[in-house]
1. Which numbered condition trips up residue 67, out of (1) touching a helix residue (DSSP H, G or I) at 6+ places or on another chain (Cβ under 9 Å); (2) within 20 Å of residue 4 (Cβ to Cβ)?
2. Name every residue in the stretch 85-122 that is open to solvent by 10 Å² or more (accessible area, probe 1.4 Å), more than 18 Å from residue 42 (Cβ to Cβ) and touching a Lys or Arg at 6+ places or on another chain (Cβ under 9 Å), in order of residue number.
3. So which residues in the stretch 67-108 are touching a strand residue (DSSP E or B) at 6+ places or on another chain (Cβ under 8 Å), at negative phi and in a loop (DSSP other than H, G, I, E, B)?
4. Under 8 Å between Cβ atoms, at least 6 apart or on separate chains: pull out the pairs that start in the stretch 44-70 with a residue that is at pLDDT 95 or above and end on any residue that is in a helix (DSSP H, G or I) and open to solvent by 80 Å² or more (accessible area, probe 1.4 Å).
Amino acid sequence: QVQLVESGGGLVEAGGSLRLSCAASGRTSSWRTMGWFRQAPGKEREFVAAITWSGDSTYYTDSVKGRFTISRDNAKNTVYLQMNSLKPEDTAVYYCAADTSTRAVMAGTGYYWGQGTQVTVSS
């Protein structure tokens, strides 16, 4: 069984920063690619960023490029999302996802999901 636990969410003013963490447990072969999604109230869940096992490949949605950075520490089984220059429109519940397939993670069909952490950006 694979478990993903997010942390690091909170309330921040526009222009501020937060770092989200997603700690994974279980068989590492089951979650080689990890990613972040977010869902704002009344909106569809959307892809934010993903990173492959080696960390050599990262992917971002256009709206966060240059502001967010995804990284991972495989020794700690943890993936991070550093969020800078936050905007009110970044307000959402952020979810961690994992799968053996990068395509599945980016498509939102990854097999493993965390419970989410709330990020609120005030204007």
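The values are calculated or read from the model by the stated rules, or taken from the named source; none is laboratory data. Just so it is clear, the structure is predicted and the values come from calculations on it, not from any experiment. In this analysis, Cβ positions are derived from the backbone assuming ideal geometry, glycine residues included, and neighbour counts consider all displayed protein chains. Side chains included, ligands, DNA and RNA excluded: accessible areas come from the protein's heavy atoms. Shrake-Rupley method; radii C 1.70, N 1.55, O 1.52, S 1.80 Å.
1. (2)
2. Passing the criteria: 85, 99, 100, 101, 102, 109.
3. 67, 76, 84, 86, 87, 91, 100, 101
4. Within 8 Å, the pairs are 63/89.
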